[in-house]
Amino acid sequence: MIVVFGSINVDVVVPVPHLPVAGETVLGGDYAIAPGGKGANQALAARRAGAVVTMVGTVGRDAFAEAALSRLRDEGVDLDLVASSHRPTGCAAITVDPRGENLIAVASGANLATAAAQVPDDRLGPKTILLLQREVPSAENAVLIERARARGARIVLSLAPAGPIAPARVENIDILIANEGEAASLGDVSEVARRLRRALVITQGAAGATALLAAGAWLTVPALAIDPVDTTGAGDTFAGVFAAGLDQVLPLERALRRASAAAALACLAVGAQAAMPDRAAIDAAAERLPR
């Protein structure tokens, strides 16, 4: 079972001819409203990859709440531990250019009310993978990580958006996932990898991904060659599908290959959750990856 502790948002996606720079207004095409948030995205990606998933987070008491949760509910993600708040449902403003690159600004809203106390102890046993990100309060992440470690759960932290792991302790985390920019914020990645319980996984876009193992070895997996339409949600797809592979007790390299393939597939359509592949598509694409 995978327990995802994280953000639940609504995304407002605007296609633009080019990404704006500071002080620039860019006129775009018709906007779309879609469910998002790194926590919810990763929960859906794991669910589509075949895992049993519980989402833990917070939404507002507003019209965006149902939009944020509807796809998770429809696809069988357990929402019993989702709370409501007087704060507005989180919202991300996303601009996407013709190459699929994006700029994102997030209004956290109700996500800042998410608390470790929402997760009962019986959801944190040895059969649980706890998957976290950095769009809810870091102190609540730290409390939940400590509780999960004490109860034998495996812990995967997606370092997104980039920032400090503290107050959580690196030594309590099994696997840390970061893109190249996020990894740069860590300093000496080899030292960080040695302190983790299992590995530091660095995603590298079109170059695939590299895992630096705590024992000192490393392994790499390639990416599918694609023409991206929208890279929004690719990192979340990687994290969710990778966690599903761990939950299915796949060897680390195979879990990484499936996650890499899935992340590429998620770039072939507009939006985050709508573009996430299912298990059959992931398995087929993983077989096409170069050896």
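The values are calculated or read from the model by the stated rules, or taken from the named source; none is laboratory data. As the structure is a prediction and not an experimental result, all values here were calculated from the model. All Cβ positions, even for glycine, are placed from backbone atoms using ideal geometry, and neighbour counts span all protein chains on display.
Just one of Arg291, Arg258, Arg254 is free of Cβ contacts under 8 Å to residues at least 40 places away in the same chain, under 18 Å from Thr220 (Cβ atoms) and in a helix (DSSP H, G or I); which is it? The conditions single out Arg254.
Within segment 77-136, the set of residues being part of a strand (DSSP E or B) and of a type in the set (S, T, N, Q) comprises Ser84, Ser85, Thr95, Asn102. Every listed requirement among (1) farther than 22 Å from Leu131 by Cβ; (2) in a helix (DSSP H, G or I) is met by Arg71 save one, (1).
Every condition in (1) surrounded by fewer than 22 Cβ atoms within 10 Å (Cβ to Cβ); (2) more than 21 Å from Pro98 (Cα to Cα); (3) of a type in the set (D, E, K, R) holds for Asp247 except the one numbered (1).
From Gly233, Gly208, which residue is closer than 30 Å to Val13 by Cα, surrounded by 24 or more Cβ atoms within 10 Å (Cβ to Cβ), touching a helix residue (DSSP H, G or I) at 6+ places or on another chain (Cβ under 6 Å) and not aromatic (Phe, Trp, Tyr)?
Values: Gly208 fails: surrounded by 24 or more Cβ atoms within 10 Å (Cβ to Cβ).
Selected residue: Gly233, the only one of Gly233, Gly208 that is closer than 30 Å to Val13 by Cα, surrounded by 24 or more Cβ atoms within 10 Å (Cβ to Cβ), touching a helix residue (DSSP H, G or I) at 6+ places or on another chain (Cβ under 6 Å) and not aromatic (Phe, Trp, Tyr).
Of all residues in segment 173-195, those satisfying the criterion of being crowded, with 16+ Cβ neighbours inside 10 Å and in a loop (DSSP other than H, G, I, E, B) are Ile173, Asp174, Leu186. Test Ala263 against the criterion of being among the aliphatic types (A, V, I, L, M), surrounded by 14 or more Cβ atoms within 10 Å (Cβ to Cβ) and in contact with a Phe, Trp or Tyr (Cβ under 6 Å, 6 or more places away or on another chain), and give yes or no. When the stated conditions are applied, Ala263 passes them. What residue, of Thr89, Thr114, Thr95, is under 27 Å from Asp230 (Cα atoms) and in contact with a helix residue (DSSP H, G or I) (Cβ under 7 Å, 6 or more places away or on another chain)? Criteria check complete, one pass: Thr89.
Give the number of residues within segment 125-163 that are in contact with a Gly (Cβ under 8 Å, 6 or more places away or on another chain) and either closer than 27 Å to Gly90 by Cα or charged (D, E, K, R) (or both). First the steps, then the outcome.
We begin by selecting, within segment 125-163, every residue in contact with a Gly (Cβ under 8 Å, 6 or more places away or on another chain); these are 125-126, 131-136, 138, 151-153, 158, 160, 162.
Of the ones still in play, those that are also either closer than 27 Å to Gly90 by Cα or charged (D, E, K, R) (or both) are 131-136, 138, 151, 158, 160, 162.
Number of matching residues: 11.
Being on the phi > 0 side of the Ramachandran plot and loosely packed, with under 15 Cβ neighbours inside 10 Å, is that true of even one residue in segment 154-172?
Filtering segment 154-172 for residues on the phi > 0 side of the Ramachandran plot gives 163.
Filter once more, so that each one left must be loosely packed, with under 15 Cβ neighbours inside 10 Å: 163.
Among the residues of segment 154-172, at least one is on the phi > 0 side of the Ramachandran plot and loosely packed, with under 15 Cβ neighbours inside 10 Å, which makes the answer yes.
Which one of Ala153, Ala199, Ala193 is among the hydrophobic types (A, V, I, L, M, F, W, C), at pLDDT 95 or above and more than 19 Å from Ser260 (Cβ to Cβ)?
On the way: Ala199 fails: more than 19 Å from Ser260 (Cβ to Cβ); Ala193 fails: more than 19 Å from Ser260 (Cβ to Cβ).
Exactly one of Ala153, Ala199, Ala193 is among the hydrophobic types (A, V, I, L, M, F, W, C), at pLDDT 95 or above and more than 19 Å from Ser260 (Cβ to Cβ), namely Ala153.
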